[in-house]
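Written out below as structure tokens is the structure these notes cover.
A short reminder: the numbers here are calculations on the coordinates, not readings from a lab. Just so you know, these numbers come straight off a predicted model, no measurement behind them. Cβ placement follows ideal geometry from the backbone for every residue including glycine, while neighbour counts extend to all protein chains displayed.
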């Protein structure tokens, strides 16, 4: 025990040790942020830069002579990869047309993750799925920032009956199962969006963005309200009021800059939550509709045949799940790091 | 204390009434009539009889009558599962979910607190890093993936646990484990942060100076104080776990309540939605009250009766 530096045996903190430990904490946090941010940037850039390829249209296959977009296109039968493709059986069956095998570099790279049950390239679907999953996460975070900050600011600053009304509504929304809210938003909004000229696929995506965003602002509102409550009582806000500044000016110029820390922290933590919620909705079959892929949908596609039939499609799980976990991990790293850097209260408490 | 519990209990009906009203209007304003089915045609006479039984000739009659039925313990007939009453559906499924949920939460608290406390004591060491990474993966993996992977490994591949049965304690292990992963990861993180705070406080140093053994300090005095943030997380987490998880029930084929939360909404089964939401709210309120009471027992300095 004597060799181990026990926190219990730690001496009282002299000032020098305090500042050096704060520095090391910051470095620790920024190291985590760097890892999280770097991995995240790599994934986001890869998904975005390959967008022209995954949405590429000109090809043909024997099922879709018009040529579906790349992510929905079936690769030639002979080049499909996966334990369930019985090549010998295919070669015995003479009725099928002999597809030419795509031996170009891009064609070979597209088979890195194998092909799914319909023979589509999993790599292509994972890349486009990443774009959509991340957009859902960012849209939800944006909505939760706007709504949560507005409600939190208003409730915390005005206090009184406005505060009680807003916060009790938040409590009640917390009490309702979130799946109920999402599904009801979908039922209520989807036909209306169809009427104003959005296609069914676009309407489906927009409704999901809105529905997930509209149920994920509750935590943000609570956190911001708490922060505003403590800011409101500080002398500088009182000075602003005494100087006769308008409420809007106090909000935007004096309160908001002091809230950047918690806002950015909870926004980064909302993104992974929204992505997970979308994956759950896709698993239920009420999320993004196929053939549009998201990571959650791809994972559930790998799962359901694997559970119900004798074939094992486990390999279809690996790529989307790994991408999902790595992205969520790096977002959590980023958010935790931000929290350690920005949140002065936590830092004070730990020293 | 008794007065505090009494006032909270008196607030229950008011909060439940608001949740009831909100759910009712959310379901009723959604387009489409809950009494007609999209998948098949229902006999006019059947609809009329159901409406009569629920006093649902108009929405305000139903709104007023349903709470009276609920107080009598009758949640009405299910609108999708013919011949089934909501009381019977919930009555059959709830014990299953509660059994599984209690097991899962027990595992989550014991393992999560243990890992979190050890990580805090060995802060910065390999065990700390290992547990932190495992906890982050636990939070990052969608529940349907972790549940299915457990199923694939232990049921399909190695056949250690039986597939799709329910009734013996053996059937509890895997679904319970799958259900406990996410709260376990969360509890471990909460415990770790709180424990680091507590270990550097003065009373720990005093206890050490008095000559108390290290393990006694960590596992009794420090942990008791570090448990508070975990406790406030436990209220909502336990309410969610005890009322069942759709994913775990689907993967392991368990007749629990979680499936009804999702299916009732998808089927727009008005009575079943109201029934499940009210059950969930009662659990949430009761467990939050329990947590507030437990606060006072763990830390006598906390005065739950004080006004915020």
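What list do you get for A:122, A:245, B:132 if you sort them by fewest beta carbons within 10 Å?
With the sparsest Cβ surroundings first, the list reads A:245, B:132, A:122.
For residue A:146 and residue A:44 in one chain, what is 0.36 nm times their gap in residues minus the Cα-Cα distance, to one decimal in nm?
34.4 nm
Calculate the mean, over all residues of peptide B:122-135, of how many other protein chain Cβ atoms lie within 10 angstrom of the residue's Cβ.
1
Within 10 Å of each Cβ in peptide A:169-175, how many partner chain Cβ atoms are there on average? Round it to a whole number, please. Kindly include the intermediate steps, with their values, before the conclusion.
On the way: counts 2, 0, 3, 7, 2, 2, 14.
Per residue, the average neighbour count from other chains is 4.
Between the range B:192-262 and the range A:174-243, what is the separation of their alpha carbon centroids in Å?
What the calculation gives is 30 Å, centre to centre.
Let me check I have the definition right: for the range B:188-284, take the eigenvalues of the Cα gyration tensor, multiply each by 5, take square roots. What are those semi-axes in whole Å, largest first?
Numbers: eigenvalues 386, 34, 17 Å².
Working through the eigenvalues yields semi-axes of 44, 13, 9 Å.
Pick from B:202, B:292, B:171: which is most flexible by mean-square fluctuation in a GNM of chain B where alpha carbon atoms under 10 Å apart are linked?
Greatest mean-square fluctuation among the candidates belongs to B:202.
What residue among B:261, B:246, B:12 shows peak mean-square fluctuation when chain B is described by a Gaussian network model with Cα springs under 10 Å?
B:12
For B:187, A:292, B:110, what's the fewest-to-most ordering of other Cβ within 10 Å of each Cβ?
With the fewest neighbours first, B:187, A:292, B:110 line up as B:110, A:292, B:187.
Give me B:193, B:86 sorted ascending by neighbouring Cβ count inside 10 Å, so fewest comes first.
Listing B:193, B:86 from fewest to most nearby Cβ atoms yields B:193, B:86.
Taking every Cα atom in the range A:186-253, find the radius of gyration and the maximum pairwise distance Dmax, and write them in Å.
19.9, 54
Please give the calculated 222 nm ellipticity per residue for chain B, where each DSSP H segment of at least 4 residues contributes -39500 (n - 2.57) and the sum is spread over every residue; nearest 500 deg cm²/dmol? Intermediate results must be reported in sequence, preceding the final value.
On the way: 12 runs with 215 residues, N = 308.
-23500 deg cm²/dmol, from helical runs alone.
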